[in-house]
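First up is the structure itself, then whatever we jot down about it.
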Amino acid sequence: MRFDELARSYERLEATSKRLEMRAILVELIRPIRPPDLAHVLYLSQGMLRPEYEGVELGVADSLARRAVATATHAEEADVGRRAKASGDLGTTAAELLAGRPRLETAHPLTVANVYAELTAIAQAKGEGSQEVKVRTLVDLLGRASPLEGKFLVRFVLGTLRVGVREMTILDALAEAFADGSKAARTRIEAAFNLSSDLGLVAGALVEHGLDGLASIGLEVGRPIRPMLAEREPTLAAVLERMGGTAALEFKYDGLRVQAHVPKSGPVRLFSRRLEEISAQFPELVADLPSAIRERPAIVEGECVPVDADTGDIQPFQLVSKRRGRKYDLDKAQTELPVRLFLFDVLLAAGTPTYSEPFPARRERLESIVRPNEHVAIAEQRVVASVDEATAFLDEAISAGGEGVMAKSVKEGSAYRAGARGYWWIKYKRDYTVGLADSIDGVVVGAFHGRGRRAGKYGAFLLAVYNPERDRFETFTKVGSGFDDAQLAEMPKRLAKFESSEPPPEVDTGISPDRWMRPHLVIEVRGAELTLSPIHRAAVGAIRAGAGLALRFPRFTGRFRDDKGPTEATTSKELLEMYRLQVRQEAADPPDGADAAG
Ligand code: AMP
């Protein structure tokens, strides 16, 4: 396939913000493509070279890309820099400069295969001399590129490709291009993706063997599964009612979710909730898991929490987040900030998938294969059948340092549902019963200049929740409080890469911030209550026509949710649920605010 076809599709994708139109363009683009181009086109369109969990990075800094553009177009680097500053996008500048340069008549048109191979070479260049290799490879590519191709090549290497195709849209397009486009087909395709986290793999199996071919995609040690997610209920009584009277309650540990892949021999690999590999950050878990798990190869899941080295008591979450981003002094961190992994599920044991078994069977299996040690334990659990029992267990969880309980269905159909949020798991934090005490994970989609003490910096941020149905980020608040000086100083750095001169098409809001941000950074906020707003667009129209949900008196909790990607932020539906719970509670709560959990 020629690369200019892809570039032209990107141009069309960029020009629309309508999901249906995007899907149609995508369908038209991918329908004629076959492996291996197909996987490559899907990865490239998401701004990646490999599935996200592999964490492949190009390692191309702005300065390096500027240099390559200058060399390829015989321009002065300083001039390229000035033009890029004016246009706000080096890709646009590259296109302008390429348009003014005589094109080599003899050059072969670029193909997707060429481009993919060269970009892979750029990503693989490591160590001494690698910068030169990266520049040279990019210069070669640009030398053969049309202006339009050059624009997208530059944006791709800088990680600023703005064609905005997300996984959900790609899944829709796959169902339409390679199956009958029905909901049933879409569901099966999504299920294969949830198990493999690799759209390229799913697309390949689908094209070559049809929907039935997807069955061949199973679990593989080293390839993460998309995590199962929980719903919420306002009271323990409601939790039990949902679960049919009986539920397995577990401590809800407040830490980092870890999916551990433990092969029979060879290194253990750990993945975060967003499927980033975090093995290097937790060497003691990597070391201790093989001896803790009896039936390998296995895939187990748990929550990694900080513990006191002396007492083994659970410590506040913040301590473990310090370990996560750490690149140096890992051994020191290990002794200074000890952790323990509380396992709560098993998805594969002795090489055989267990995820489709009901939860009680999985728990039994987990208990039989885990030999707890200093760093690996099993989550506390009790099966309860009354609100009294549940309340007693909640008290235990809170006093042991948990943040609440996780209720799990023990019904026949309680299989592990990869990538899905549902009432098979329900989270309950004690403070749900007193107003809107639950936090919200919001995506930063804009920033406002500060005033007074904050002059010259950003003073507030526009936040959105994610609406998967529309594949849009809908704003719900503007938050300025709760940031300390260091955090405020950190924000521009964290956001620089995502600044956008225009409103990102995937953002839906009635407010214009001073700076738009492409949805990426997720931060945790709390607030006093949810109200209806004419300018915010979260769950717009769900309660009243034209009105969205808005958070009053928002406050940053100090917690950057680096473990969540933008599409894993709180959803519009969850926000709506929180709004409804709040309303129901106001109606139900006696004026003295007695505990509604009974
Ligand atoms: P939240 O992040 O508030 O949506 O809560 C769900 C998260 O709770 C999961 O993703 C896990 O990281 C965490 N968690 C803590 N304890 C448990 C448990 N026993 N079972 C399942 N998830 C748990």
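FYI, it's all coordinate maths here, none of it is from the lab. All values derive from a computational prediction rather than experimental measurement. Every residue, glycine as well, gets a Cβ built from its backbone with ideal geometry; the counts of neighbours run over all protein chains shown.
Descriptive notes on the structure:
- Charged-residue dipole, Cβ positions (Lys, Arg, Asp, Glu), the stretch 403-500 about Cα centre, Debye nearest 20: 100 debye
- Relative contact order %, the chain, counting alpha carbon pairs below 8 Å whose residues are six or more apart: 12 percent
- Other residues lying with their Cβ under 11 Å from the Cβ of GLN281 contribute a combined charge of +2, Lys and Arg counting +1, Asp and Glu -1.
- Fraction in percent of alpha-carbon pairs per bin - 5 Å, the stretch 255-333: 3, 15, 25, 26, 19, 10, 3
- Distance from the C-alpha centroid of the stretch 206-270 to that of the stretch 339-415: 12 Å, rounded to the whole angstrom.
- The shape of the stretch 440-586 comes out prolate: with a ≥ b ≥ c from the C-alpha gyration tensor, a/c is at least 1.5 and a/b beats b/c.
- Centroid-to-centroid separation of the stretch 3-51 and the stretch 435-514 [C-alpha atoms, Å]: 29 Å
- With q set to 0.09, 0.12, 0.16 Å⁻¹, the log10 of I(q)/I(0) for the stretch 229-433, from the Debye formula over equal scatterers at the Cα positions, is -0.33, -0.59, -1.06.
- GluC sites (Glu not before Pro) restricted to the stretch 67-102 and DSSP loop, no more than 12 other C-beta within 10 Å: GLU76
- With each label modelled as a point 7 angstrom along the Cα→C-beta vector, the ARG101-GLU132 pair spans 2.1 nm.
- Taking 25 °C and 0.890 mPa s as conditions, the chain diffuses translationally at an estimated 95 µm²/s according to Stokes-Einstein applied to its Kirkwood radius (Cα pairs).
- Using a cutoff of 8 angstrom between alpha carbon atoms and counting only pairs six or more residues apart, the relative contact order for the stretch 229-433 works out to 34 percent.
- For the stretch 167-216: relative contact order, % (alpha-carbon pairs under 8 angstrom, 6 or more apart): 32 percent
- Gyration tensor verdict on the stretch 57-168 (Cα atoms; rounded if a/c is under 1.5, prolate if a/b is larger than b/c, oblate otherwise): rounded
- Percent of Cα pairs exceeding the 11 Å cut-off, where the set is the stretch 222-271: 78 percent
- By the Kirkwood approach, averaging reciprocal distances over each pair of separate Cα atoms, the stretch 124-275 gets a hydrodynamic radius of 20.0 Å.
- Separation of the ALA545 and ALA486 label points, Cα + 7 Å toward Cβ, nm: 5.2 nm
- When both bridge partners sit in the chain, DSSP labels roughly 85% of those beta bridges antiparallel.
- Taking HIS40, HIS449 and counting other C-beta atoms within 10 Å, the order from fewest to most: HIS449, HIS40
- In sequence order, calculated HN-Hα J values of the stretch 49-65 (Karplus, 6.51, -1.76, 1.60; Hz; x Gly/Pro): 9, 9, x, 3, 5, 6, x, 6, 10, 7, x, 10, 7, 3, 4, 5, 5
- Here the extension length gained between ALA350 and GLU529 equals 59.6 nm, from 0.36 nm per residue of separation less the Cα-Cα distance.
- Going from the fewest other Cβ atoms within 10 Å to the most, the residues TRP425, TRP516 appear in the order TRP516, TRP425.
- Electrostatic tally near GLY218: other residues with Cβ closer than 15 Å to its Cβ, Lys and Arg +1, Asp and Glu -1, net -1.
- Dividing the radius of gyration of the alpha carbons in the stretch 481-564 by their Kirkwood radius gives 0.98 for Rg/Rh.
- Site pair GLU374 and ASP212 shows an inter-label distance of 5.4 nm when each label is modelled 7 Å from Cα along Cα→Cβ.
- Put in order of Cβ neighbour count within 10 Å, fewest first, the listed residues HIS520, HIS108, HIS261 become HIS108, HIS520, HIS261.
- Annotation: lysines with alpha-carbon distance below 18 angstrom to LYS332 (same-chain offsets under eight excluded): LYS322.
- Top positive-direction residue, dipole computed over the chain with Cβ charges, set TYR466, LEU199, ALA489: ALA489
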